[in-house]
Each structure stands twice: as structure tokens, then as C-alpha cells.
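I have placed the structure first, in the form of C-alpha cells, so that the comments after it can refer back to it.
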Amino acid sequence: MNAVVLHGAPLVRQDLVAPVKLTVRVQSVSYLADDINAFEFVNVEGGTLPSFTPGSHIDVQLPDGSIRQYSLCNASTERHRYVVAVLRDPLGRGGSVAMHDVLRAGRTVTISTPRNHFPLATAASMHVFIAGGIGITPIMSMITEVVRKGESFHLYYCARVPHRTAFTRELRAFVDSGVTSIHYDNGDVRNGLDLKATLQSHADGTHLYYCGPSGLMDAVEAASAHWPRGTRHCERFSASGSPVRTAADDPEKPFAIELARSKKCFTVHPGETIVDALKLHGVEVETSCREGYCGACMTRYLSGDPLHRDSVLDKEDREEFVMICCSRAKSASLVLDL
Ligand code: FES
């Protein structure tokens, strides 16, 4: 899965710096639900792993060298392991299939240190979570933390059918106590959670967190549009559901990029990314998703007018940073702090 959008919440910029690579061992692979497995990674030398906060994700380097992002679903107080849950999607880009079909217990794998673009709001008096399908993964870690701290929450978990729904056993006590409701739609969204009614009113101190397929994300975003700025937080693990641009309605023009520190200047041609142009001229930059949702390529710009195409940065961040894997420039040139 996934991309990251913070609605009005302050972005923790140090969380967008390039992650450090780690080699870990697959300690176990376990069944959670049909087509959903949990992968447990541990330190190859048996020690602790770098700490993380609820909502964090890691990059996993797959055997073919490609990289995918997966949210950590275990308790953030655990230092001996990272756990991710992966839905095998044969119609995806191949990452989840490789995870299921190739990664076995005992194998070593390169991952990144955790990064968090989806943190819990520290000032919240009530947390409302909406998870769609495998979008439950970051929310499991967040709920564990909220419970540990004795804070109030309600989880709305939208899924298709029980046998394809992860973590139902772990959530059973919360369902019984009324703080979690699971909504099965059996494949017809008209049978699912009534988002409009659920999100109609907003109480002071309530924060909303949502993660799931793009259709659900867009629906939650629309149904909560009236919530106060800074109270909605979401994580997307695929490019946003914006309408596809065509050459006719958004013609790409060439523009110049100037590197302020190294005093270099290149042209970015139509159909080329800034990252492509930099690499072509021997300038290596960190990338991961290359679709504008992981934050790995975030770069400060000093002048010019970017044409932002990421799904990570909010308005304030866009005044200072640009995701150079996908964004272009409206101005004739863009000066980067590189
Ligand atoms: S945002 Fe992921 S590489 Fe640019």
C-alpha cells in the first residue's frame, strides 16, 4: 500500500529525512486472514531495533530490488521487533505478491528505519479512527498506544467479509466494550458505514485518523470536510485518487533547475522528473516511492514556483519544500537547496 496526507496538521519535517537502511531477519510469517499475513522482523544480531512511534512505516526492499512501504502494526513500546501486515494483491505492482510468495522465516531483508507521517495528535481528548481493509495496520499500533495512555477512542473498521479481515481476534474486547464497530459490506459499499452520519458532528478535542483504499479515503475526506483545520489525519499508501492528468489539459513544459550549492543548472524536459534530470547529470538523490507519497525525496527550494504533485505536503510545507520525484515547476526555473 500506500501515501501520506496530513490535513492541516503540522508536518514533523525531521520525519521526512532520508531513512537509514537496516538488515533484519524475518523471524516469523503468520496468517492473519485470507490473503493477509503478518511479517515479523528482528535484529539479525538479536539486539533491539530503533524505536518508533505509532503510525510509523518502514520501507522494505524486495528481492527484485524494488521498495515498498508498510505500516508497523505492533506496539511502539516493543523494541525487539517490527511487525507489518500485508494483503496479497495479485492486481498490485507486485510487492505484496513478492512478500507473500518469497519472504520466508529465516531470510534476511533490507528495510529502512521507521518514519512517521501519521502521528497521533498529542492534544486530542478523543481519537476517532476509520480503517478500510488492510488500512487497519497503522491504526492497530495507534490504538495500542491510546489504550496504554488511557485515552478515549472509537474505531470504525470497514471490511468486506469476516474471513478476509485482519485482527478481529485482537479487536474482540474493544467490540464487546463498544469502542470498536466492524462494518462488513459484503462487496457493496451501500451496505457499509454511513460516513456522512458518522462524521456529521465534531466535538472539541476530537481528532480523526483514516487509512484505507482510495475510494474510502476520498469519501471520508469529503464527509469530514467541515471539521476544523488540524483535526484530520490520514495516510495513503498509493498515489492519491486525483483525476488523471492528460497532455491536453496539463501540458508539461520544460523548465530549468538550478542547484544553489553546487552551482549547476539543468533542463527538465517534458515527461522527465527532476530526479531523472539530476541522475542524468550524476547528482544522486534519495528516492523510494517515486509517486509523491513517501517523503524520501523532499527537497527545500529557494526560489521559483513549484507545480506540486505530491500527496504529503500541506500548504505551509509547500512554501518551503518540493517532492522532486513527481513535481515540476510553473516558473521558468526552480532553484533547489542542493
Ligand atoms: S515522495 Fe517518495 S520518492 Fe518522492
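The values are calculated or read from the model by the stated rules, or taken from the named source; none is laboratory data. Quick caveat, the model's predicted, so the values are computed rather than measured. Here Cβ is always computed from backbone atoms with ideal geometry, including for glycine, and neighbour counts include all displayed protein chains. Each accessible area value is taken on the protein alone, full model and side chains, heavy atoms only, with ligands, DNA and RNA left out. Shrake-Rupley method; radii C 1.70, N 1.55, O 1.52, S 1.80 Å.
In region 135-186, how many residues are on the phi > 0 side of the Ramachandran plot and either open to solvent by 50 Å² or more (accessible area, probe 1.4 Å) or among the β-branched types (Val, Ile, Thr) (or both)?
2
Filter region 85-111 down to residues that are among the polar types (S, T, N, Q) and open to solvent by 40 Å² or more (accessible area, probe 1.4 Å), then give me how many there are. Quick ask: steps written out before the conclusion?
Start the filter on region 85-111 by keeping residues that are among the polar types (S, T, N, Q), which leaves 96, 108, 110.
Imposing the further condition that a residue be open to solvent by 40 Å² or more (accessible area, probe 1.4 Å) reduces the set to 108, 110.
The total comes to 2.
Listed by position, the strands (runs of 3 or more DSSP E) inside region 131-246 whose residues that are of a type in the set (Ser, Thr, Tyr) number at least 2 are 152-159, 180-184, 206-211.
Within region 308-338, the set of residues being β-branched (Val, Ile, Thr) and within 15 Å of Ala296 (Cα to Cα) comprises Val312, Val322, Ile324.
Just to be sure before I move on: is Ser51 farther than 28 Å from Ala219 by Cβ and modelled with pLDDT under 90 in the structure I sent?
Details: farther than 28 Å from Ala219 by Cβ: yes; modelled with pLDDT under 90: no.
Here the answer is no, as Ser51 does not meet what is asked.
Quick check on my filter: what residues within region 112-131 are under 18 Å from His207 (Cβ atoms), buried (at least 19 other Cβ atoms within 10 Å of the Cβ) and not β-branched (Val, Ile, Thr)? Please lay out each step first, then the result.
So the first thing to find is which residues in region 112-131 are under 18 Å from His207 (Cβ atoms), and the list is 116-131.
Filter again for buried (at least 19 other Cβ atoms within 10 Å of the Cβ), leaving 116-120, 124, 127-131.
Passing the criteria: Asn116, His117, Phe118, Pro119, Leu120, Ala124, His127, Phe129, Ala131.
For Ala75, are the conditions met, namely being of a type in the set (A, V, I, L, M, F, W, C), in contact with a Ser or Thr (Cβ under 9 Å, 6 or more places away or on another chain) and open to solvent by 40 Å² or more (accessible area, probe 1.4 Å)? Here the answer is no, as Ala75 does not meet what is asked.
Taking the conditions (1) hydrophobic (A, V, I, L, M, F, W, C); (2) assigned to a loop (DSSP other than H, G, I, E, B); (3) over 27 Å from Gly192 (Cα atoms) in turn, Leu120 satisfies each one other than (3). Residues in region 254-306 that are under 25 Å from Lys21 (Cβ atoms), within 16 Å of the ligand (Cβ to nearest atom) and assigned to a loop (DSSP other than H, G, I, E, B): 16 in all. Looking at region 307-338 only, could you name the residues that are open to solvent by 10 Å² or more (accessible area, probe 1.4 Å), in a loop (DSSP other than H, G, I, E, B) and at pLDDT below 85? If the condition is that a residue be open to solvent by 10 Å² or more (accessible area, probe 1.4 Å), in a loop (DSSP other than H, G, I, E, B) and at pLDDT below 85, then Asp310, Ser311, Leu313, Asp314 are the ones that fit. Residues of region 1-43 that are out of contact with any Phe, Trp or Tyr (no Cβ under 6 Å at 6 or more places or on another chain), modelled with pLDDT under 95, of a type outside the set (A, V, I, L, M) and not in a strand (DSSP E or B): Gly8, Pro10, Arg13, Gln14, Asp15, Pro19. Among the conditions (1) touching a His at 6+ places or on another chain (Cβ under 9 Å); (2) hydrophobic (A, V, I, L, M, F, W, C); (3) in contact (Cβ under 8 Å) with a residue 40 or more places away in the chain; (4) more than 9 Å from the ligand (Cβ to nearest atom), the only one that Val312 does not satisfy is (4). Figure legend. Inter-residue proximity from region 162-183: first residues in contact (Cβ under 8 Å) with a residue 12 or more places away in the chain, second residues assigned to a loop (DSSP other than H, G, I, E, B) and of a type in the set (A, V, I, L, M, F, W, C), beta-carbon distance below 9 Å, spacing 6+ or different chains. Indicated pairs: Ala166/Cys73; Phe167/Cys73; Ser181/Leu193; His183/Leu193.
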